[in-house]
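The next block holds one structure in the form of structure tokens; read it before the comments.
The values are calculated or read from the model by the stated rules, or taken from the named source; none is laboratory data. Please read all numbers here as calculations on a predicted model, not as lab measurements. Note that each Cβ is placed from the backbone with ideal geometry, even for glycine, and that neighbours are counted across all protein chains shown. Just so you know, the surface numbers come from the protein's heavy atoms only, side chains and all, with ligands and any DNA or RNA stripped out. Shrake-Rupley method; radii C 1.70, N 1.55, O 1.52, S 1.80 Å.
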Amino acid sequence: MAEPQAESEPLLGRARGGGGDCPAGLTTCRSIQVGPGAAARWDLCIDQAVVFIEDAIQYRSINHRVDASSTWLYRRYYSNVCQRTLSFTIFLILFLAFIETPSSLTSTADVRYRAVPWEPPCGLTESVEVLCLLVFAADLSVKGYLFGWAHFQKNLWLLGYLVVLVVSLVDWTVSLSLVCHEPLRIRRLLRPFFLLQNSSMMKKTLKCIHWSLPEMASVGLLLAIHLCLFTMFGMLLFAGGKQDDGQDRERLTYFQNLPESLTSLLVLLTTANNPDVMIPAYSKNRAYAIFFIVFTVIGSLFLMNLLTAIIYSQFRGYLMKSLQTSLFRRRLGTRAAFEVLSSMAGEGGAFPQAVGVKPQNLLQVLQKVQLDSFHKQAMMETLRSYGSVPLSADEFQKLFNELDRSVVKEHPPRPEYQSPFLQSAQFLFGHYYFDYLGNLIALANLVSICVFLVLDADVLPAERDDFVLGILNCVFIVYYLLEMLLKVFALGLRGYLSYPSNVFDGLLTIVLLVLEISTLAVYRLPRPGWRPEMLGLLSLWDMTRMLNMLIVFRFLRIIPSMKPMAVVASTVLGLVQNMRAFGGILVVVYYEFAIIGINLFRGVIVAPPGNSRWSKIYFVLWWLVSSVIWVNLFLALILENFLHKWDPHSHLQPLAGTPEATYQMTVELPFRDILEEPREDELMERLSQHPHLRLCR
């Protein structure tokens, strides 16, 4: 591996597989021998391999500096402390909008009852903001140094980062010079950029959306033509009568001119308050229903669903390309680590006869890699099975397939009881039929609550008799406690806690028990006419209501017992995990439109006359971005997740005793199983283009 001063040397001395020595004067890992500086060069090679493997784990680019000081800085930059500090800084600068003028920190949004919001003094939020901007400037400086000026000039995100920082600092200076009375803060519109540039998945998602825009625009053009044609038809049909009575006046209001007609049909297309548009005309003449039926069928049923189909098709294809790039980055990072480690010399400086990585060298690397203990332990155990035999490139790559696996949690063994009676009781209370019984009891509890809610719907809380419901709650909570203790007896404490559903049940049972004991301690035992006065912080009705809400929430325990519901629930949880990039961009969209809306409609209750053209544009754009484009993107991801979950091949259970019984492939993204593995020549070609890496092979 080259020293920092040798970074201008050629990347590869010879092509892969060729013979010969390294270029003269080039210090590499292969030339490590006993002598001064050998230990430092050895440590550098290990650190470089560590960095490349960490890049592969996080799907990062490896085209950064790899000298000793840069490697140290790179690992510190991507450490948990630095990245969490950067994430907190991004959150902080976005949160400033909630306390800056105009502040929205009030208990209610009703202008009749809310108090005057707190206005921060000039310089308070600006001081916090400039600290955030300084953190971003340091972040940009580190990135620019690590990846080099050549990469900086070609990377639009880094250039945009620089422009946003400069504009924000200039706008911040203008704010202070005007004593915080500037009419518009441009930098508030630029703040979401800091969130976008910090997430590689958000960047890929935005790129996919950008690539899908031409196809979306084609359908959007069809929608525009559809609206224009039916607008003219509507004006010809509805705008030619006399406004003799109120009914005609209401009907003609929606089609009195071109802007109003276009807006009315757009409202009808969005299905927002659509009866208001069609009912007046339908009341006048039933034949007018034909117009609205044809318009709705073409627009809502055909064109809008066609847009959904196009977005799903295009986005799926482009997202696959993006995921293919991520897979290529992982394979490239692991291959770079292999090339670094395989270039190390044998003892005494002799070159190895066969290209490979010594297991002991890779073990030394894995011990320094930032990786969760489960995957690290699994990889180290697999690696020790090789003994002292060097790993080939293919074996090296397969070793890192462990990163794509997640553990199937093995439950601890059950306690062993000697008594036949205890063994029978353990079998009975550890059987899944006992869970079914608990589900029936929970259902009965839910039904009882529903019955009393219906019976007491018209009774004031102070006049309700909670005697029967209080007795039932006591009985059910005692059963829940007994059920928890019996399961602990049958499974053992560790076995009981190894099931997430049991942890969920147990926590709620303890909370219910504490709340019920508190209720009994304050209001005594239930009795007929049980309506005591309020004591302490909560009344009897409030405490009963809290109990019932927790009981209703506990009924969710039934989900794992029903396979279709469990599949749906697991899909929803998978979406929550895999949709962070989508959620982040959705936050950006809401943030941008909120800031624009504040500047357009601040202090306005009723839109002033003459300003309805740009307000319509604002809300139409909001509808297009949030309801049309973004909802369809979410729908595309949901469809892909459900198609994978309902695939019968994805539910095959592994056989006991096989490696698959311990691990299962994670469905981090639904397209992973159909991605293509990169070829070796592609990896080596990309390594040969690395601007800082020096390999002599």
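Using a 1.4 Å probe on the protein heavy atoms only, what accessible surface does residue 613 show? Give it in Å² to the nearest 10.
In the full protein context, residue 613 sits at about 130 Å².
Tell me, what HN-Hα J-couplings in whole Hz come from the Karplus equation 6.51 cos²θ - 1.76 cosθ + 1.60 at θ = phi - 60° for each residue of the stretch 86-97, using x for Gly and Pro?
Along the stretch 86-97, the couplings run 5, 5, 5, 5, 5, 4, 5, 6, 6, 6, 4, 4 Hz.
Go ahead and run the numbers for FRET between residue 618 and residue 518, Cβ-Cβ distance against an R0 of 45 Å, rounding to 0.05.
My answer for the efficiency is 0.30.
What list of ³J(HN,Hα) values in whole Hz, one per residue of the stretch 59-70 in order, does the Karplus curve 6.51 cos²θ - 1.76 cosθ + 1.60 (θ = phi - 60°) give from phi, with Gly and Pro shown as x?
My calculation for the stretch 59-70 gives 6, 8, 6, 9, 7, 10, 5, 10, 6, 4, 5, 5 Hz in order.
Restrict the search to the stretch 53-115; then list the chymotrypsin sites (Phe, Trp or Tyr not before Pro) that DSSP places in a loop and that have at most 14 other Cβ atoms within 10 Å of their Cβ.
Passing sites in the stretch 53-115 are 113.
Put 254, 496 in order of accessible area, largest first, 1.4 Å probe: what do you get?
The most accessible residue leads, giving 254, 496.
List the pairs from 204/398; 154/368; 143/207; 154/321; 143/358 whose alpha-carbon separation is above 29 Å, in the order I gave them.
Too far apart for the 29 Å limit: 154/368; 143/358.
Cβ under 12 Å from residue 130's Cβ, residue 130 left aside: what net charge do those residues give with Lys, Arg +1 and Asp, Glu -1?
-2
Averaged per residue, what accessible surface does the stretch 265-315 expose to a 1.4 Å probe, in Å²?
Accessible area per residue, the stretch 265-315: 51 Å².
Percent relative contact order of the stretch 100-198, based on C-alpha pairs within less than 8 angstrom and at least six residues apart?
23
Tell me, what ³J(HN,Hα) does each residue in the stretch 212-228 have, in order and in whole Hz, if you take phi through Karplus 6.51 cos²θ - 1.76 cosθ + 1.60 with θ = phi - 60° and put x for Gly and Pro?
For the stretch 212-228, the Karplus curve yields 7, 4, x, 5, 5, 5, 5, 5, x, 5, 4, 5, 5, 4, 4, 5, 5 Hz.
Please list the non-local residues whose amide H lies under 5 Å from the amide H of residue 391, H modeled 1.01 Å from N, same-chain partners needing a gap of 5 or more.
When sequence neighbours closer than 5 places are left aside, the close amide H contacts are 357, 358.
Note down the nm distance, to one decimal, between modelled labels 7 Å out along Cα→Cβ at residue 73 and at residue 456.
The answer from the label model is 6.7 nm.
Any chance you could run the full-extension gain for residue 675 through residue 282? It's 0.36 nm times the residue separation minus the Cα-Cα distance, nm to one decimal.
Difference between extended and current length: 136.1 nm.
Using packing as a proxy for protection, rank 333-340, 504-511 so that the peptide with the highest average count of other Cβ atoms within 10 Å comes first.
333-340, 504-511
If you take the square roots of the eigenvalues of the alpha-carbon gyration tensor of the stretch 137-216 and sort them as a ≥ b ≥ c, do you get rounded (a/c under 1.5), prolate (a/b over b/c) or oblate?
oblate
Full extension from residue 592 to residue 511: what is 0.36 nm times the residue separation minus their Cα-Cα distance, to one decimal in nm?
Taking residue 592 through residue 511 to full extension adds about 25.0 nm, to one decimal.
Accessible area of the stretch 116-257 with a 1.4 Å probe: how many percent of it is carbon plus sulfur?
72
Over the Cα atoms of the stretch 63-172, each weighted equally, I'd like the Debye log10 I(q)/I(0) at q = 0.14 Å⁻¹, rounded to two decimals.
Scattering profile of the stretch 63-172, log10 relative to I(0): -0.71.
At 7 Å along the Cα-to-beta-carbon direction for both residue 497 and residue 433, put a label point, then send me their distance in nm to one decimal.
Label at residue 497, label at residue 433, 3.1 nm between them.
For the stretch 352-455, which whole-number percentage of the solvent-accessible area (1.4 Å probe, protein heavy atoms only) is attributable to carbon and sulfur atoms?
The value for the stretch 352-455 is 62 percent carbon and sulfur by accessible area.
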